[in-house]
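One structure below.
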Amino acid sequence: MDIIKELDQNHTCLGLVPSIEYNNIIVNMAWQLSKKSVCYVTLNKTYDSLKELFEKKGVNMKNMVFIDAISKTIKKIDDNEDNCYYVSSPSALTEISLAISKFLKHDFDYLIFDSLTNLTVYEKNAPVAKFLSSLINKINETKTRAIFYTINMGEQSELIKEVSMFVDNTLNLENTG
């Protein structure tokens, strides 16, 4: 799938990712988008693990900054790094929203949100939907294009239905890795 073409036509997209292909798909999407500036919000993998994975696969890390909401839950982090801002946890929706808002002011070409599935581990669907509605409204006020990943499985069907109402397009990312 040509994610750049999809995001040229749609300001915000929901990407449905089969769990078995998850790593291949996130690498492929990051590789495609990293030719321009990318803000990558991770609630799933630590910045260090993403950095290692992306560098192995040739993703252009010079064009990427990260908002990492998982590392502080598993280890002590003293300071933010040049290209990574650490948020306290995936359940800190206000803190995540503020961090993303701050980064949106820098006119990134793309925002990757990885993943909505992880938000539902920490919060019920209603607060997640409210958070996403607000976030998508903020994104729509900028030139930044965004893709929100979610694992495509039955347990996520309600969230997928709800989020589909906020985004411009829902993409089945199967077999794109």
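How would you rank 149, 85, going from fewest to most other Cβ atoms within 10 Å of each one's own Cβ?
Details: 149 26, 85 18.
Ordered from fewest to most neighbouring Cβ atoms within 10 Å, 149, 85 come out as 85, 149.
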>> Quick check: the distance between the Cα centres of segment 11-25 and segment 47-121, to the nearest angstrom?
In response: 17 Å
> Going by how many other Cβ atoms sit within 10 Å of their own, how do 34, 133 line up, fewest first?
Replying inline: 133, 34
> Within a Cβ distance under 13 Å of residue 147, other residues only, what is the Lys/Arg minus Asp/Glu net charge?
Replying inline: -4
> Once the piece of chain linking residue 142 and residue 101 is laid out straight, how much longer is it, given 0.36 nm per residue of separation minus the C-alpha distance between them?
Replying inline: 13.7 nm
> Computed from these coordinates, which is P(r) over Cα pairs in 10 Å bins from 0, in percent: (1) 10, 42, 40, 7, 0; (2) 9, 37, 39, 13, 2, 0; (3) 10, 41, 36, 12, 1?
Replying inline: (1)
> Quick one: net charge of residue 28's neighbours, Cβ under 10 Å, K/R +1, D/E -1?
Replying inline: 0
>> Below 9 angstrom from the Cβ of residue 42, what's the summed charge of the other residues (Lys, Arg +1; Asp, Glu -1)?
In response: -1
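Read the figures in this text as sums done on the coordinates, not as results from a lab. Here the structure is a predicted model, which means the values were calculated and not measured. Methodologically, a virtual Cβ is constructed for each residue, glycine included, from the backbone with ideal geometry; neighbour enumeration extends over all protein chains shown.
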